[in-house]
Amino acid sequence: MDMKRVKDYIYWLYYQYLLITCSYVLEPWERSMFHTITVTVFAMVVYTAYVFVPIHVRLAFEFFSQIFGGHPESTV
């Protein structure tokens with residue numbers, strides 16, 4: 001792919017984002033605040049998923065392995 005097509009595709013994705021969020025009708029300072037809040041919330045969701053999902057998956061695996069006949073852990 002040449003750079004013009006990549007640039008046009010990224011511009012098209014950004015335009016779709018503006019249309020979906022209806023932020024194209026905002027003033028520039030409002031749009032900036034909206035994008036800042038959106039990126040911050042998205043970053044917090046990604047961080048929370050990165051930190052807490054593996055813990056919950058491990059606990060669920062241990063729970064279901066005990067229910068369905070897994071070997072009990074030794075009490076040393």
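The values are calculated or read from the model by the stated rules, or taken from the named source; none is laboratory data. Since the model is a prediction, treat every value here as computed from it, not as a measurement. Note that each Cβ is placed from the backbone with ideal geometry, even for glycine, and that neighbours are counted across all protein chains shown. We work out accessible area using only protein heavy atoms, side chains counted, and drop any ligands, DNA or RNA first. Shrake-Rupley method; radii C 1.70, N 1.55, O 1.52, S 1.80 Å.
Structure above, values below:
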quantity	calculated
Mean-position separation - Cα centroids, region 24-44 and region 2-20, in angstrom	18 Å
Unit charges on C-beta of K, R, D, E only; dipole of the chain, Debye	240 debye
Average accessible area per residue (Å²) across region 27-67 - probe 1.4 Å, nucleic acids and ligands excluded	89 Å²
Share of carbon and sulfur in the accessible heavy-atom surface of the chain [1.4 Å probe, %]	73 percent
